[in-house]
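Worksheet: the structure to be examined is printed underneath.
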Amino acid sequence: MDLSDALGDLRQELHLPEVSELDLVRHFTNLSQINYGIDTGFYPLGSCTMKYNPKINEVTARYAGFAALHPMQPVETIPGALELLNGVQEILCEVTGFDAITLQPLAGAHGEMTCLMLIKAYHERLGQSQRNIVLVPDSAHGTNPASAARCGYDVKPVPTDADGNTDLAALTKSLEEHGDRVAALMLTNPSTLGLFEPNISLICKMIHDAGGQVFCDGANMNAMVGTTRPGDHGFDCMHLNLHKTFSTPHGGGGPGCGAIGLQAHLAPYQPVPVIQRDAESGQVVAEYERPLSIGRVSAYYGQFLMEVRAYTYLMAYGRENMADISRYAVLNANYVRARLKDVLPPAHDRPCMHECILTAEKYKKNHGVRALDISKRLIDYGFHPPTNYFPLIVPECLMIEPTETESKETLDAFCDAMIEICHEAMTTPDVLHAAPSTAVVGRLDETAAVKNLDVRWQAPQPVLA
Ligand SMILES: *Cc1c(COP(=O)(O)O)cnc(C)c1O
């Protein structure tokens, strides 16, 4: 059977839909219009950093010199691409305070896992392979314990104290108990409570004294860019989400980039290829001969066009303006927090960083209205809901991250809507229970949607004569 016969059979079996070009254009244009995105409205989804993705990023990512590269073409033919990758790495080293950056991991969770793999390789080389415990605060993003478990570690929780900080007494106790079995602590700073950990250097020292390593979940670097550097706080490694802080799109689950930063002692273990400038030739090279490397964690060079977008963003800001990112991100979150504090009290009564964490507990108690009902009602007001029920330790949690790219007018319109909805919660709670009433779809059974995921188009079975 030749190829065209094989393809002919394939096509028949597939029952592909036969539609005209116009019908296809309408189908996708209509779909695009019922989708909600950062280009259509405010998107305060906490921990996700839904900032504006500047259009200039898309212009450079489409330059033929970048977009038309083939990942398998000889490395000698891509010096410009290597320069760009090295450029992103150098700027991120400066922004984070780490000695080395690799852009290989394809998502935040992938960056976490890669860091833990490096930590494991490091301990093994030191003859410390009995270290099989990873400590994870109870406020952590779910990917943290998942990454640790995926790397074969036992996960032990670290509680948060009443002020929203790491509970030092509990940490001390945990280290006394497990000391020489602790491989690492995974700490998110600012935490998912939107708070900067005031004891960060002390915590790093406690873990180091016990022989462990400290990983920083830096998915939310947005509160620190240009202002302070995790590499100076005592961390050994961190991951960054370029698809959050550095304005590359969150493309429906991908592609992303979970770049990782490493102190010098972990750098020898980093995945290949290692992109760096060769001291002798002055050229940027892709090195594969790294005896201690954990090997590859992704195909080729990572998500190259994401790096082009991030590079464009970093260059457009420039070193002197970088701190504006964190200043406005923190200012905007505190503005929202201050405007809403009478209707939705903050979980902790102190200034927040890039996001504010509020509780709707009183509406649940007094009116049977939950955080989810408030969020669904926001859709009727034309806003994307904030994150709900995360971090898990805050009851009826609403996590609002406005980012630096929103105007005061937008923040005010959002706060006005939230205040109005809280009023409705007390006077007409059923309106909230029934929300959203203006959206294309109402309340979805999210559990069923996850458990019975069905994303395939299937043709109606043809009637055979
Ligand atoms: C988004 C996020 C992650 C995971 O990043 P992904 O790219 O979604 O895998 C991890 N930690 C925190 C705090 C996050 O906000």
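Compared with the direct C-alpha span, the chain from ASP324 to HIS208 gains 38.4 nm at full extension, assuming 0.36 nm per residue.
Taking Lys and Arg as +1 and Asp and Glu as -1, the other residues whose beta-carbon sits under 11 Å from that of ASP167 total -2.
Taken as entire DSSP H runs, the helices of the chain that both span 24 Å or more between Cα atoms along their own long axis and average 0.0 or more on the Kyte-Doolittle scale are 79-96, 322-340, 408-427. Extension gain for ILE419 to ARG350 (0.36 nm times residue separation, less C-alpha to C-alpha distance): 22.8 nm.
Each peptide in 263-270, 435-442 gets a packing score, the mean of other Cβ atoms within 10 Å over its residues, and the list from highest to lowest is 263-270, 435-442. What is the local net charge at GLU320, summed over the other residues whose Cβ is closer than 15 Å to its Cβ (Lys, Arg +1; Asp, Glu -1)? Neighbour charge sum, excluding GLU320 itself: 0.
Reducing segment 338-397 and segment 192-225 to their Cα centroids gives an inter-centroid distance of 26 Å. Charge dipole of segment 323-438 (Cα centre as origin; +1 on each Lys and Arg Cβ, -1 on each Asp and Glu Cβ, all else neutral): 360 debye, rounded to the nearest 20. For the pair LEU16 and GLU58 in one chain, pulling the backbone fully straight at 0.36 nm per residue adds 11.9 nm over the alpha carbon distance. Taking Lys and Arg as +1 and Asp and Glu as -1, the other residues whose beta-carbon sits under 15 Å from that of ALA279 total -3. Taking a ≥ b ≥ c as the square roots of the Cα gyration tensor eigenvalues, with a/c under 1.5 meaning rounded and otherwise prolate when a/b beats b/c, else oblate, which class fits the chain? Because a/c hits 1.5 or more and a/b fails to exceed b/c, the chain counts as oblate. For the residue pairs LYS362/LYS451; LYS156/LYS205; LYS120/LYS205; LYS120/LYS156; LYS362/LYS408; LYS55/LYS376, the alpha carbons lie more than 22 Å apart in LYS362/LYS451; LYS362/LYS408; LYS55/LYS376. Peptides 231-243, 395-407, 52-64, ordered by how many other C-beta atoms sit within 10 Å of their residues on average, highest first, read 231-243, 395-407, 52-64.
In summary, the aspartates and glutamates within cross-link reach of LYS51, defined as a Cα separation below 12 angstrom excluding same-chain residues under 8 places away, comprise ASP39, GLU401, GLU404, GLU406. Measuring r between the beta carbons of VAL75 and LYS362 and using R0 = 45 Å, the FRET efficiency lands at 0.15.
The relative contact order of the chain comes to 20 percent, based on Cα pairs under 8 Å that sit 6 or more residues apart.
Here r is the Cβ-Cβ distance between LEU24 and THR228 and R0 is 56 Å; the resulting FRET efficiency, rounded to 0.05, is 0.65. Using alpha-carbon positions, what is the distance between the centroids of segment 13-62 and segment 272-336, in Å? With segment 13-62 and segment 272-336 each reduced to a Cα centre, they are spaced 26 Å.
Ordering 15-26, 165-176 by mean Cβ neighbour count within 10 Å, with the highest value first, yields 165-176, 15-26.
Throughout, read-outs are computed from the coordinates displayed, never taken from laboratory work. The model shown is predicted, which means the values in this text are computed figures rather than measured ones. Please note: Cβ atoms are built from the backbone with ideal geometry, for glycine as well, and neighbour counts cover all protein chains shown.
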